[in-house]
Amino acid sequence: MRKTIGDTIKYIRVNKQYSQKNVSTSIISRTSLSKIENNMLNPTFAKLIPIINNLDVDFDEFYIFKIILNIVRKK
(Lines give C-alpha, C1' and ligand atoms only; values in the text may rest on other atoms or scores of the structure.)
Protein backbone atom coordinates (compact mmCIF):
# COMPACT_ATOMS: atom_id res chain seq x y z
CA MET A 1 0.00 0.00 0.00
CA ARG A 2 1.32 3.42 -0.94
CA LYS A 3 2.10 5.90 1.80
CA THR A 4 -0.18 8.93 1.74
CA ILE A 5 0.28 12.57 2.64
CA GLY A 6 -1.30 11.78 6.00
CA ASP A 7 1.12 8.90 6.61
CA THR A 8 4.03 11.18 5.79
CA ILE A 9 2.82 13.97 8.10
CA LYS A 10 2.41 11.48 10.93
CA TYR A 11 5.82 9.88 10.30
CA ILE A 12 7.63 13.22 10.43
CA ARG A 13 5.61 14.49 13.41
CA VAL A 14 6.16 11.35 15.51
CA ASN A 15 9.87 11.15 14.67
CA LYS A 16 10.35 14.78 15.65
CA GLN A 17 8.28 14.17 18.79
CA TYR A 18 5.88 17.00 17.94
CA SER A 19 2.33 16.92 19.27
CA GLN A 20 -0.69 17.13 17.00
CA LYS A 21 -1.69 20.26 18.88
CA ASN A 22 1.60 22.02 18.08
CA VAL A 23 1.55 21.02 14.41
CA SER A 24 -2.07 22.04 13.88
CA THR A 25 -1.94 25.32 15.83
CA SER A 26 -3.59 28.24 13.99
CA ILE A 27 -4.15 26.11 10.86
CA ILE A 28 -6.73 23.39 11.56
CA SER A 29 -8.17 21.64 14.59
CA ARG A 30 -6.23 18.86 16.27
CA THR A 31 -9.03 16.44 15.35
CA SER A 32 -8.77 17.44 11.68
CA LEU A 33 -5.03 16.75 11.77
CA SER A 34 -5.78 13.36 13.33
CA LYS A 35 -8.21 12.62 10.49
CA ILE A 36 -5.56 13.62 7.93
CA GLU A 37 -2.97 11.37 9.60
CA ASN A 38 -5.46 8.49 9.61
CA ASN A 39 -6.37 9.03 5.94
CA MET A 40 -9.94 10.03 6.70
CA LEU A 41 -9.48 13.58 5.36
CA ASN A 42 -7.31 15.09 2.64
CA PRO A 43 -5.82 18.53 3.34
CA THR A 44 -6.13 21.30 0.82
CA PHE A 45 -2.85 22.59 -0.55
CA ALA A 46 -3.52 25.86 1.31
CA LYS A 47 -3.63 23.91 4.60
CA LEU A 48 -0.87 21.45 3.72
CA ILE A 49 1.88 24.05 3.32
CA PRO A 50 1.44 25.57 6.82
CA ILE A 51 1.23 22.07 8.33
CA ILE A 52 4.52 21.16 6.62
CA ASN A 53 6.05 24.41 7.85
CA ASN A 54 4.98 23.58 11.43
CA LEU A 55 6.84 20.27 11.01
CA ASP A 56 9.97 22.35 10.33
CA VAL A 57 10.51 20.93 6.85
CA ASP A 58 10.02 22.55 3.49
CA PHE A 59 7.86 21.15 0.69
CA ASP A 60 10.81 19.55 -1.11
CA GLU A 61 11.92 17.73 2.06
CA PHE A 62 8.35 16.59 2.69
CA TYR A 63 8.06 15.21 -0.83
CA ILE A 64 11.37 13.36 -0.48
CA PHE A 65 10.17 11.82 2.81
CA LYS A 66 7.02 10.65 1.02
CA ILE A 67 9.05 9.04 -1.78
CA ILE A 68 11.43 7.35 0.67
CA LEU A 69 8.55 5.98 2.73
CA ASN A 70 7.05 4.45 -0.40
CA ILE A 71 10.37 2.87 -1.38
CA VAL A 72 10.91 1.44 2.10
CA ARG A 73 7.35 0.15 2.18
CA LYS A 74 7.92 -1.87 -1.03
CA LYS A 75 10.81 -3.84 0.50
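The values are calculated or read from the model by the stated rules, or taken from the named source; none is laboratory data. Please read these numbers as outputs of a predicted model, since none were measured by experiment. As a convention, Cβ positions derive from the backbone with ideal geometry for all residues, glycine included, and neighbour counts pool all protein chains shown. When the accessible area is computed, the model is the full protein with side chains, heavy atoms only, and any ligands, DNA or RNA have been set aside. Shrake-Rupley method; radii C 1.70, N 1.55, O 1.52, S 1.80 Å.
Miscellaneous remarks
- Charge-dipole axis of the chain as Lys and Arg at +1 and Asp and Glu at -1 on Cβ define it, positive-most pick from V57, N70, M1: M1
- Size descriptors for the chain (Cα atoms only): Rg and Dmax, in that order, 11.5, 38 Å.
- Pairwise label distance in nanometres, D60 with T31, each label 7 Å out on the Cα-Cβ vector: 3.9 nm
- In this simple spin-label approximation, N39 and N53 carry label points 7 Å from Cα along the Cα→Cβ vector, and these lie 2.9 nm apart.
- Lys, Arg +1 and Asp, Glu -1 on Cβ, resulting dipole of the chain about Cα centre, debye, nearest 20: 380 debye
- Solvent-accessible heavy-atom area per residue, rounded to whole Å², over the chain at 1.4 Å: 68 Å²
- Here, segment 1-44 has an Rg and a Dmax of 9.9, 32 Å when only alpha carbons are counted.
- Counting only protein heavy atoms and a probe of 1.4 Å, the accessible surface of segment 13-53 is 52% carbon and sulfur.
- The lysine pair tally for the chain, using Cα distances under 28 Å and a gap of 8 or more places or different chains, is 28.
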